[in-house]
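The structure appears below as structure tokens.
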Amino acid sequence: MSNQEKLLELVGKRIPGDISGHIKKEVVETTKKEVKKESNDKDILNAEKEYKEALAYVKDMIAPAFMKVSADKLKINNTIAKTFFIYAYPTFLEWNWLSPIINWDVKFDMSLFVYPVESAFIQKYLKKRLVQLNSERSINADKWLVNDPAIDAQIQDVEELRHKLTRWEEKYFHFGLYITIYAEEEDQLNKIGKDIETILAGRNVLQKQSFLRAEQWFISTGPFCKDELGVYRNISTGGLSTTFPFSSSTLSHDDGILYGINTHNNSLIIFDRFKTENANMTVFAKSGSGKSFAVKLEILRSLMLGTDVIVIDPENEYQALINQVGGSYLDVSLNSQQRINPFDLPLALKDQNEQPWDLLRSAVINLLGLMNLMLWKMTAEEWSLMEKAIITTYSLKGITLEDDNIIGKDIPIMKDLQDVLETMDGANSLVTRIQKFTTWIFSWIFSQKTNIDLGEGLQVFSVRDLDDMLRPIAMYVILNHIWNKVKSSNKKRMLVVDEAWNVMQHEDSAKFLYGLVKRARKYNLWITTITQDVEDFVASPYGKPILTNSSIQLLLKQSSASIDVLQNVYKLTEQEKYILLNASVGQGLFFAGMEHVWIQVVASFYEEQVVTTDPNKK
């Protein structure tokens, strides 16, 4: 029993209730409050004890095994550290003069300390300094000495600064800048120190190495917000603005999605493709370097911003993504019940420059390319017969060059085209070759009415279970179906063509993809092409034009066999070539217009579980 509890019991016994009831009540209430306060104090003391014990444990965890403090350096475990401080600046500082240091590919810490100075104090100092300079000039004049232009320049600078401070155009600050470098070997540390001196001296910024206070220097550049040195110089607002530490090579917009980390300076690469002039994107990487992982991350994050995404999936890699975020998964195979009719036309979405026959003429041209792909190259005579047959097939359904509106009209299928060809002279070979797609083993996949619809969100077309002979044909049909849907409604969409080399292997399908890339911007569609076969892609006559019409490139780890081709296409420097050859998984170069950054693709734990293609992480 505590002292307060004993006192409470004693008070209840000693004070008579008939005489001192009111007093007794007050004493009891006061004692109860003291008991409660004592209990709260004990809880606070216990919590404080637990916090200190936990804090000591955390410090033990992050503390190095030993630190050796010398006159000019600090040794932490096996790492040596030296600190430099800036002691002089030129009169004029160019913008972004710290960029070479910030983008320096070495391990270092930098601290900038800014202390505002009261305007009244600095005005008083400047007035005194102006009197000194004028006196010195007058003394030189009395002695008949040649006028010193340096004194005139200083007087002019002081007067300009006084006027700006008076008008509140400028403020004055004390500014300290310290840099701590790290290395494993003494020679390497000295080399880095000389490099710092060279870089800063080229901008007339002078630095010195610290001596005798190595520990204080280390703390001043650590994450402690402590300036234990107080080595600073006077600087105005204009000069201070040039030291902004995040004006390095970055690619960060106010909105958009996160693509990764800029490994030069650990800044975020946040980018909005839809706000660029040309948002088409190409992704090149060797197998297992993280290209599909990076693109699926982009898809997942784009969906959260309301962008519709359409994917042509050759290896069934996007099924897990559909299971998590929903959408339509369309299996294009002989055994599937889902069908796409190559003769489909888009609902008219015409602008002022389009004519009534544009939709049908475009459909005829696309079908001729498809037939050339399906029938293994048509001769010039067969091409002419096929063109006439396609136009006749549409006209029999009431769709003509004078009226290509499909509302309320029946759309022909492949069997209708065969029926027309059978009535034409000289078309026997075409009929024989087209029969396998209308009545033989492939009849169910390309000669049926379309029974699917592209909804909103994520739509995936899987072509994994198709025979290699049918895959390029199916991808051509799918791309045409997607294009018709895109032209029917103006909505923000992204099309991802994975393993695009399948399309580029054949001239007609490569030409069709190139046409999409070139015209997609008009319909608010942006196309991403992914491939690991750089040589096959570039070897196609339409491969390089697709690259030139794509302003965004993601280049991850490359093989030594393909790096020379890539270097020639993108005019890579030797350093960029080295990065691509030695990059880890998910690392590479991200190009957006004139911006080039070294990217590390990063994902949260939950994102990684959804988008990973590594079977060991499933």
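General observations
- Test result for V486, outside the structural domain of A363 (by TED's automatic domain parsing) and either surrounded by fewer than 21 Cβ atoms within 10 Å (Cβ to Cβ) or under 30 Å from V283 (Cβ atoms) (or both): yes
- Whenever a residue of the stretch 200-218 is closer than 13 Å to I179 by Cα, its partners that are among the polar types (S, T, N, Q) and surrounded by 14 or more Cβ atoms within 10 Å (Cβ to Cβ), lying with C-beta atoms within less than 6 angstrom and at least six residues away or across chains, give the pairs L200/Q207; S210/T83; W217/T83; W217/S210.
- Top-ranked residue in the stretch 274-305 [being at pLDDT below 85 and not polar (S, T, N, Q); ranked as nearest to V325 (Cα to Cα)]: F274
- Hits in the stretch 47-70 (condition: under 30 Å from N190 (Cα atoms) and at pLDDT below 85): I62, A63, P64, A65, F66, M67
- Considering residues of the stretch 306-315 that are touching a helix residue (DSSP H, G or I) at 6+ places or on another chain (Cβ under 9 Å) and in a loop (DSSP other than H, G, I, E, B) only, the residue farthest from F461 (Cα to Cα): T307
- Any hit, the stretch 545-554, residues being in a strand (DSSP E or B) and surrounded by 23 or more Cβ atoms within 10 Å (Cβ to Cβ): yes
- Checking each residue in the stretch 65-101 for being within 20 Å of L229 (Cα to Cα) and assigned to a loop (DSSP other than H, G, I, E, B) picks out S70, A71, D72, K73, Y89.
- Which numbered condition F537 misses (of (1) more than 17 Å from G290 (Cβ to Cβ); (2) modelled with pLDDT of 85 or more; (3) in contact with a strand residue (DSSP E or B) (Cβ under 8 Å, 6 or more places away or on another chain)): (2)
- One residue stands out among those in the stretch 486-522 that are farther than 16 Å from Q459 by Cβ and among the hydroxyl-bearing types (S, T, Y): the one that is modelled with the highest pLDDT, which is Y514.
- In the set (1) touching a residue at least 24 places away in the same chain (Cβ under 8 Å); (2) loosely packed, with under 12 Cβ neighbours inside 10 Å; (3) more than 19 Å from E159 (Cβ to Cβ), T91 fails one condition alone, (3).
- All positions within the stretch 219-273 that are closer than 25 Å to S604 by Cβ, modelled with pLDDT under 75 and among the hydroxyl-bearing types (S, T, Y): T250, S252
- Of all residues making up the stretch 506-523, the number that are touching a residue at least 12 places away in the same chain (Cβ under 8 Å) and under 16 Å from V477 (Cβ atoms): 8
- Taking the stretch 487-527 as the range and being part of a helix (DSSP H, G or I) and β-branched (V, I, T) as the test, the residues that pass are V503, V517.
- Which listed residue is at pLDDT 80 or above, outside the structural domain of Q216 (by TED's automatic domain parsing), more than 25 Å from A81 (Cβ to Cβ) and among the β-branched types (V, I, T), from I23, I44: I44
- Screening the candidates A54, A81, A120 for the property of being in the same structural domain as F211 (by TED's automatic domain parsing) and more than 27 Å from H264 (Cβ to Cβ) yields one hit, A120.
Per-residue answers, yes or no, for (1) within 16 Å of K128 (Cα to Cα); (2) in the same structural domain as W104 (by TED's automatic domain parsing); (3) within 45 Å of the chain's Cα centre (by Cα); (4) exposed (fewer than 13 other Cβ atoms within 10 Å of the Cβ):
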residue: Q154; (1), (2), (3), (4): yes, yes, no, no
residue: W168; (1), (2), (3), (4): no, yes, yes, yes
residue: G176; (1), (2), (3), (4): no, yes, yes, no
residue: E184; (1), (2), (3), (4): no, yes, yes, yes
residue: L189; (1), (2), (3), (4): no, yes, yes, no
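The values are calculated or read from the model by the stated rules, or taken from the named source; none is laboratory data. Everything quoted here is computed from the prediction, not taken from an experiment. So basically every Cβ, Gly included, is an ideal-geometry build from the backbone, and we count neighbours across all protein chains shown.
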